[in-house]
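**Q** Pasting a structure below so you can have a look.
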Amino acid sequence: MALKPKIAVVIGSTRRTRFADKPAQWMLRQARSRDDIDVEVVDLRDHPLPFFDEVASNAWAPSQSPEAVRWQETVGRYDGYIFVVSEYNHSITGVLKNALDQAYVEWGRKPFTAIAYGSMGGSRALEHLRGIGVELQMVSTHAAVHIGGADFFAVSPMGGNKPIEEFEANFLPSAKAALDELVWWAKATMAAKAAEA
Ligand SMILES: Cc1cc2nc3c(=O)[nH]c(=O)nc-3n(C[C@H](O)[C@H](O)[C@H](O)COP(=O)(O)O)c2cc1C
């Protein structure tokens, strides 16, 4: 059994002028500073999925779209996920919702945490994501990183466009808690699956 969970930082916005890279890279650095996980970036830009057009989710029927199958293979490579969550009209982006819908089997019984951002720290979007995660049989951490309020406007390109590092004292405790919980759940679910096998 592989003891070191393999974790993906999933970038949930694909628009050309996205802010997402800044929080993704900051969170990647926090995750890579630990020795108890292996972390990679999974960018939805590298997975140009069609809008869902299958007869059913892949829990019920194999997907026909080659991009969907490739995406499922990517999702399946990881033991847990760190979603980079932008808030669009109080929810997650359409592109992330579509990507979540295009796999089922591969998400199940795996944990996720998030770095979310927006005026309210992306908290409404993350709550939607948590509900979706329940349906996908995933487990959410309690802790997550929220970049909101004055911090968000200081680091966003629409505002001060300052480096996140200038404000990271505000985010480091929640990043550590989120990653600690993610590792705990990843090891627990990996062990449970290995015992079942
Ligand atoms: C269509 C759209 C809807 C948005 N809705 C919200 C919102 O409900 N709450 C919020 O805090 N920010 C909202 N924003 C602002 C985004 O949080 C901000 O633009 C952020 O940078 C988007 O993430 P991205 O740059 O990584 O795509 C919205 C932005 C767009 C483009």
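**Q** Take each of the peptides 22-31, 89-98, average the number of other beta-carbon atoms within 10 Å over its residues, and list them starting from the highest.
**A** The most tightly packed comes first, giving 22-31, 89-98.
**Q** Keeping all protein chains in place, calculate the accessible area per residue for the stretch 39-197 (probe 1.4 angstrom), answer in Å².
**A** 48 Å²
**Q** If amide H atoms are built 1.01 Å from N in the plane of the peptide, which residues on other chains or at least 5 residues away come under 5 Å of the amide H of I7?
**A** D38, V39, E40, D79
**Q** Going by amide H atoms built from the backbone, whose H comes under 5 Å of the H on V85, apart from near neighbours?
**A** HN-HN under 5 Å from V85: I115, A116, Y117.
**Q** Could you run the Karplus curve 6.51 cos²θ - 1.76 cosθ + 1.60 with θ = phi - 60° over the stretch 45-58 and give me ³J(HN,Hα) per residue in whole Hz, x for Gly and Pro?
**A** Whole-Hz 3J(HN,Hα) from phi for the stretch 45-58: 4, 8, 10, x, 6, x, 4, 3, 9, 9, 6, 6, 5, 6.
**Q** Let me ask something else about it. What share of the DSSP beta bridges in the chain is antiparallel, in percent to the nearest 5? Present the calculation step by step, with values, prior to reporting the outcome.
**A** Values: 1 of 23 bridges.
Roughly 5 percent of the DSSP beta bridges within the chain come out antiparallel.
**Q** Would you calculate the separation in nanometres between label points at R45 and N161, each defined as 7 Å from the Cα along the Cα-to-beta-carbon direction?
**A** 1.6 nm
**Q** So if I take the alpha carbon set of the stretch 6-196, get Rg, then get Rh from the Kirkwood formula, what is the Rg over Rh ratio?
**A** Checking Rg against Rh, the ratio lands at 0.96.
**Q** Expressed as a whole number of Å, what is the distance separating the alpha-carbon centroids of the stretch 95-143 and the stretch 3-71?
**A** Each part's Cα centre sits 12 Å from the other's.
**Q** A further question on this structure: If you plug each phi of the stretch 106-113 into the Karplus form 6.51 cos²θ - 1.76 cosθ + 1.60 with θ = phi - 60°, what whole-Hz ³J(HN,Hα) values come out, in order, with x for Gly and Pro?
**A** Along the stretch 106-113, the couplings run 6, 7, x, 6, 10, x, 9, 10 Hz.
**Q** For the stretch 13-139, what % of the accessible area comes from carbon and sulfur atoms, probe 1.4 Å?
**A** 52 percent
**Q** Now, a different point. Quickly estimate the mean residue ellipticity at 222 nm for the chain, helices only: each DSSP H run with n ≥ 4 gives -39500 (n - 2.57), and the total goes over all residues, rounded to 500.
**A** Per the formula, -12000 deg cm²/dmol.
**Q** Put +1 on the Cβ of each Lys and Arg and -1 on the Cβ of each Asp and Glu in the chain; which of A191, V9, A154 then has its Cα farthest toward the positive end of the dipole?
**A** Towards the positive end, the residue furthest out is A154.
**Q** Within the stretch 6-196, count lysine pairs with alpha carbon atoms under 22 angstrom apart where the residues are 8 or more positions apart or belong to different chains.
**A** Close lysine pairs under the 22 Å cut-off: 13.
**Q** With θ set to phi - 60° and the Karplus curve 6.51 cos²θ - 1.76 cosθ + 1.60, what are the ³J(HN,Hα) couplings of the stretch 73-78 in order, to the nearest whole Hz, using x for Gly and Pro?
**A** Those phi angles translate into 5, 5, 4, x, 6, 10 Hz.
The values are calculated or read from the model by the stated rules, or taken from the named source; none is laboratory data. Predicted model, so just to flag it, every value in this text is computed and none were measured. Neighbour counts run over all protein chains shown; Cβ positions are idealised from the backbone, glycine included. All accessible areas refer to the heavy atoms of the entire protein, side chains included, with ligands and DNA or RNA removed. Shrake-Rupley method; radii C 1.70, N 1.55, O 1.52, S 1.80 Å.
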